[in-house]
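A short worksheet on the structure shown next.
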Amino acid sequence: MKKIIFLSLLVFLFAGANAQDESKSLKKLPAVSVKTLDGKTINTAELSNNGKPMIVSFWALWCKPCINELTTIADVYEDWVEETGVKLVAVSIDDSRSTSKVGPTVNGKGWDYEVLLDANGDFKRAMNVNMIPHTFLINGNGEIVWQHTSFSEGSELQLIEMVRKLNRGESIDSH
């Protein structure tokens, strides 16, 4: 009887270890149609940065922490790009009634990011975004390697450190 319990426990532990290994496989960006600020439709699965890291940040006009995060990063973004080659894609989840205000806000803030409009929330749902800001780090192979929700002063330092780790070929504790 003890052998059966022991073997059952071993099988259970081994199955659990396998399940953990599977969950560590990296996900790619889903294929969802979104719009650019100039109205072009693009497929999110085709977002890339020529083998370099990419940040995808979900935000909205009404979200003060989102605006603070993107404005804080804007102050150092040019340096980040120069140092690491990273690209930031800001995905607005504002609905169709307020998307016309996104472009003027982006221009007024001087954000030099690629901005996408997810007015129907399809990309947001596909990425399992429930609260914003929600920031994802994508490696050069297009795989999601890290994500973070919320923003507080200094969070951008953690983000750029993750980008630097990717560039050095170091592993990142995912999620």
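None of the figures in this text is laboratory data; all of them are computed from the coordinates on show. Just so you know, these numbers come straight off a predicted model, no measurement behind them. Neighbour counts are summed over all protein chains in view; Cβ atoms, including those assigned to glycine, are modelled from backbone coordinates with ideal geometry.
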For this session: Name, by its number, the condition in (1) free of Cβ contacts under 8 Å to residues at least 60 places away in the same chain; (2) loosely packed, with under 14 Cβ neighbours inside 10 Å that does not hold for Val76.
Result: (1)
Exercise. In segment 99-114, what residues are crowded, with 16+ Cβ neighbours inside 10 Å and under 12 Å from Leu61 (Cα atoms)?
Worked result: Thr99, Val102, Thr105, Val106
Seminar exercise, completed: Residue hits (segment 45-62; in contact (Cβ under 8 Å) with a residue 60 or more places away in the chain, in contact with a helix residue (DSSP H, G or I) (Cβ under 9 Å, 6 or more places away or on another chain) and over 14 Å from Thr135 (Cα atoms)) are Lys52
